[in-house]
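Have a look at the structure below, then the notes.
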């Protein structure tokens, strides 16, 4: 049997007035997801245990079958691992966002957590600049994807409070700057980055083309070196992952999965959905289980863009779920799931049970008549139990 897991990042939402009290999942045209929910086993999964931040790091670990209470050390070290960064036991990884800070009433406000959706090539220019000006035996910067990058503090501090920039859009940053032991070093680096970026030619070029400038870095999500048991040792399946973002690649790598590069996978709404489906079909020939992760619905949610969120959901259905369903033989098992809710009204992640549907091609059962959305009822599981159900329940009747 082959297993395919399709994760639409941040698909779950709250009812929206502009959609007549419905959610993007409810109004999106997604016949294949809906069919799998109607003819499969449905329920909800708790991806964020009590006491953990409602991020894709914790939720992603859960959906790969790893209990965050046992294995979570922070977001950034997972991404660092996915980028192939070598960390020592005393090193601390920080997520390094390229951001746009706007000045309102002489106070800095988080204008855009993604630096106006800066491209990887553009961001690499700033990462090189930071390394040229700051890199020493303690601090080093590494390029990721788009606005998402990593700073390593060799032998650094990590027991401090930091805030994800997507949680504070349009809020004054003063209250959310790093605090605790070692935080003054981070604030100094962030302020220095602002001086480096202020009049950079790249920002002049971006503004001339109508884009936001990138005028600061934002450091957060710190943690020590991460380690997981191999997925194969837990579930006896050989796996691979199709993903654009380093966070999911990091979880996959820690689990022992193959994680190939996919040309056109951007982590934004413009990602090449079809290329992801094609890569998944290529991988499933040689692997038992393949995860396909799509960041686009989450990005649309952070931007508060209802239209783009619906479009992203529909693209996942039409360009990923449909071709996978049509190409795979009977007895292939599908898991359709979102990692967490990212409500448009909040523009950030929210911890709550989220819907899942387990569907086996060639078999039918009475699922959720309304299709795949937040109204799904049924069993409520944690991530590890969901994976056990998905993999070990040999027949869905």
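The values are calculated or read from the model by the stated rules, or taken from the named source; none is laboratory data. The structure displayed is predicted, hence computed values, not measured ones. Positions of Cβ are generated from backbone atoms using ideal geometry, with glycine treated the same way; all protein chains shown enter the neighbour counts.
Take the conditions under 30 Å from residue 116 (Cβ atoms) and out of contact with any helix residue (DSSP H, G or I) (no Cβ under 9 Å at 6 or more places or on another chain) and apply them to residue 249. Does it pass?
No: the conditions fail for residue 249.
Among (1) without any contact (Cβ under 8 Å) to a residue 60 or more places away in the chain; (2) closer than 22 Å to residue 250 by Cβ, where does residue 304 come up short?
In the conditions (1) without any contact (Cβ under 8 Å) to a residue 60 or more places away in the chain; (2) closer than 22 Å to residue 250 by Cβ, residue 304 misses (2) alone.
Go through (1) out of contact with any strand residue (DSSP E or B) (no Cβ under 6 Å at 6 or more places or on another chain); (2) within 18 Å of residue 297 (Cα to Cα); (3) at pLDDT 95 or above for residue 7 and report which single condition fails.
Condition (1) is where residue 7 drops out.
For region 107-117, state whether one or more residues are touching a residue at least 12 places away in the same chain (Cβ under 8 Å), surrounded by fewer than 24 Cβ atoms within 10 Å (Cβ to Cβ) and out of contact with any strand residue (DSSP E or B) (no Cβ under 8 Å at 6 or more places or on another chain).
yes
For region 316-339, what are the residues that are under 17 Å from the mean Cα position of the chain (by Cα) and either within 19 Å of residue 267 (Cβ to Cβ) or without any contact (Cβ under 8 Å) to a residue 12 or more places away in the chain (or both)?
Keep residues of region 316-339 that are under 17 Å from the mean Cα position of the chain (by Cα), which gives 316, 336-339.
Once the filter is applied, which keeps residues that are under 17 Å from the mean Cα position of the chain (by Cα) and either within 19 Å of residue 267 (Cβ to Cβ) or without any contact (Cβ under 8 Å) to a residue 12 or more places away in the chain (or both), region 316-339 yields 316, 337, 338, 339.
Which residues, counting only those in region 8-31, are buried (at least 22 other Cβ atoms within 10 Å of the Cβ), at negative phi and in contact with a helix residue (DSSP H, G or I) (Cβ under 6 Å, 6 or more places away or on another chain)?
As a first pass, look at region 8-31 and keep what is buried (at least 22 other Cβ atoms within 10 Å of the Cβ): 8-13, 23-25, 28, 30.
Okay, now just the ones that are also at negative phi, so 8-9, 11-13, 23-25, 28, 30.
Selection gives 8, 9, 11, 13, 24, 28, 30.
Do we have residue 280 as in a helix (DSSP H, G or I), farther than 23 Å from residue 114 by Cβ and either in contact (Cβ under 8 Å) with a residue 60 or more places away in the chain or not assigned by TED's automatic domain parsing to the domain that holds residue 7 (or both) here? Lay out the reasoning, then the answer.
Numbers: in a helix (DSSP H, G or I): yes; farther than 23 Å from residue 114 by Cβ: yes; either in contact (Cβ under 8 Å) with a residue 60 or more places away in the chain or not assigned by TED's automatic domain parsing to the domain that holds residue 7 (or both): yes.
Here the answer is yes, as residue 280 does meet what is asked.
Taking region 129-139, which residues are without any contact (Cβ under 8 Å) to a residue 60 or more places away in the chain and under 17 Å from residue 97 (Cβ atoms)?
131, 134, 139
Let's see how each residue does on (1) within 22 Å of the chain's Cα centre (by Cα); (2) over 20 Å from residue 54 (Cα atoms); (3) crowded, with 16+ Cβ neighbours inside 10 Å; (4) modelled with pLDDT of 95 or more:
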position	(1), (2), (3), (4)
135	no, yes, no, no
148	yes, no, yes, yes
163	yes, no, yes, yes
171	no, no, no, yes
183	no, yes, yes, yes
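Of all residues in region 58-80 being more than 15 Å from the chain's Cα centre (by Cα) and surrounded by 20 or more Cβ atoms within 10 Å (Cβ to Cβ), which is farthest from residue 160 (Cα to Cα)?
Taking region 58-80 first, the residues more than 15 Å from the chain's Cα centre (by Cα) are 65-73.
Pick out the ones that are also surrounded by 20 or more Cβ atoms within 10 Å (Cβ to Cβ) and you get 65-66, 68, 72.
Values: 65: 28, 66: 25, 68: 19, 72: 16 Å.
Out of the qualifying residues, it is 65.
Do you know which residues across region 191-221 are under 24 Å from the mean Cα position of the chain (by Cα) and outside any loop (DSSP other than H, G, I, E, B)?
216, 217, 218, 219, 220, 221
State whether one or more residues within region 245-254 are free of Cβ contacts under 8 Å to residues at least 40 places away in the same chain and surrounded by fewer than 24 Cβ atoms within 10 Å (Cβ to Cβ).
There is no residue in region 245-254 that is free of Cβ contacts under 8 Å to residues at least 40 places away in the same chain and surrounded by fewer than 24 Cβ atoms within 10 Å (Cβ to Cβ).
Return yes or no: is residue 50 out of contact with any strand residue (DSSP E or B) (no Cβ under 9 Å at 6 or more places or on another chain), farther than 30 Å from residue 152 by Cα and without any contact (Cβ under 8 Å) to a residue 60 or more places away in the chain? Don't jump to the end; show me each part of the working.
On the way: out of contact with any strand residue (DSSP E or B) (no Cβ under 9 Å at 6 or more places or on another chain): yes; farther than 30 Å from residue 152 by Cα: no; without any contact (Cβ under 8 Å) to a residue 60 or more places away in the chain: yes.
No.
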